[in-house]
Amino acid sequence: PAMASKLLRAVVLGPPGSGKGTVCERIARRFGLQHLSSGQFLRESLGGGGEAGALAQQYLERGLLVPDHVITRLMMAELEKRREQHWLLDGFPRTLGQAKALDGICQLDLVISLNIPFETLKDRLSARWVHPASGRVYNMDFNPPHTQGVDDLTGEPLVQREDDRPEAVAARLRKYKDAAKPVMELYKSRGILHSFSGTETNKIWPYVYTLLSSRIPPVLPEEEH
Ligand code: G5P
Ligand code: MG
């Protein structure tokens, strides 16, 4: 099919814990796209000890959205570096202001929205453990590490994210809805929004895979996760 030359510009939206990272990771591997997570970029920027990092940390710990100009500047710089690659944004844009900034630099082809019940989200986040240095994510029920409490590849300890504490989780879920609604409506009105509902990523995945396959040829077969 004639879908070779254009670079794919895709976004995955969804509340905290909806599986954006999990789905993006699979898409990236199967289709050879760059997976760009705004949350991961932010967490990496915290380590630097700079003023911007310290400020961002206060938002992240409380489960609040970082101000639009901060995250937009960060993402625009990262996207600029990857102009020649297919990419898939995880967690950006999250407000109408961010969506408009993104419109200024590209034309989106595809927006995937993950619709997951509130109770499911709460359960998942409380069982999540991460390896901070790589961003690898585990879940004690869904994809536990080979050895409890340590990263499969490095053997380093796993930690819980500050914002996965119950108080922060509730705040994040509330805030998400308010900010995301106008973004969804914008993409829906353009006819590029594709929503997937369910409680299990593995059941949603085949539909996501089919959708992506219609836009870009897979580099790996579908069966293995
Ligand atoms: P992040 O890092 O973007 P969130 O809160 O949007 O964080 P999060 O928590 O990373 O989203 P996710 O990526 O949607 O969730 O989900 P995931 O990690 O793949 O899956 C969650 C857990 O469930 C994992 O343990 C996974 O293994 C498990 N899981 C997946 N599928 C299943 C399943 O089918 N069954 C089960 N049982 N488990 C499953 O943003 C962090 C912060 O950064 C700032 C904000 O402060 C934000 O709170 N930020 C921004 N601020 C402003 N604007 C932006 N654009 C910002 N982006 C980030
Ligand atoms: Mg994530």
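The values are calculated or read from the model by the stated rules, or taken from the named source; none is laboratory data. These numbers come from a predicted model, not from an experiment. Don't worry about glycine lacking a Cβ; one is built from the backbone with ideal geometry, like all the others, and counts go over all protein chains shown. Surface accessibility is based on the protein's heavy atoms, side chains included, excluding ligands, DNA and RNA. Shrake-Rupley method; radii C 1.70, N 1.55, O 1.52, S 1.80 Å.
Here is how the numbers come out for the structure above:
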{"read-out": "Summed side-chain charge close to residue 184 - residues other than residue 184 whose Cβ falls under 13 Å, Lys, Arg +1, Asp, Glu -1", "value": "+3"}
{"read-out": "Residues in the stretch 105-123 that a label on residue 188 would reach, taking backbone N under 20 Å of a point 7 Å out along Cα→Cβ", "value": "108-118"}
{"read-out": "Cleavage-rule hits, trypsin sites (Lys or Arg not before Pro), the stretch 7-111, DSSP coil, Cβ neighbours within 10 Å at most 12", "value": "81, 82, 83"}
{"read-out": "Local electrostatic count at residue 78 - Lys and Arg +1, Asp and Glu -1, tallied over other residues with Cβ under 15 Å", "value": "+2"}
{"read-out": "Relative contact order computed over the stretch 1-92 (Cα-Cα under 8 Å; 6+ residues apart), in percent", "value": "53"}
{"read-out": "Taking the chain and dividing mean pair separation by its residue count, relative contact order in percent (alpha carbons under 8 Å, at least six apart)", "value": "32"}
{"read-out": "Share antiparallel - DSSP beta bridges, the chain, percent rounded to 5", "value": "30"}
{"read-out": "Gyration tensor (alpha-carbon) shape descriptor, the chain, a/c threshold 1.5", "value": "rounded"}
{"read-out": "Area of residue 108 that stays accessible when all protein chains are in place (1.4 Å probe, Å², to 10)", "value": "20"}
{"read-out": "Residue-level accessible surface for residue 184, protein heavy atoms, 1.4 Å, Å²", "value": "40"}
{"read-out": "Net charge, residue 36 excluded, C-beta distance under 9 Å - Lys, Arg +1, Asp, Glu -1", "value": "-1"}
{"read-out": "With DNA, RNA and ligands ignored, accessible area of residue 152 (1.4 Å probe; Å², nearest 10)", "value": "60"}
{"read-out": "Flagged links, alpha-carbon separation over 29 Å, of 100/177; 6/175; 100/203; 20/81", "value": "6/175; 100/203"}
{"read-out": "Sulfur and carbon atoms: percent of accessible area, the chain [1.4 Å]", "value": "54"}
{"read-out": "Among 112, 140, 202 - extreme Cα towards positive end, dipole of the chain, charges at beta-carbon", "value": "112"}
{"read-out": "Residue range of the chain that is longest and free of GluC sites (Glu not before Pro) which are both DSSP loop and sparsely packed (at most 16 other C-beta within 10 Å)", "value": "85-199"}
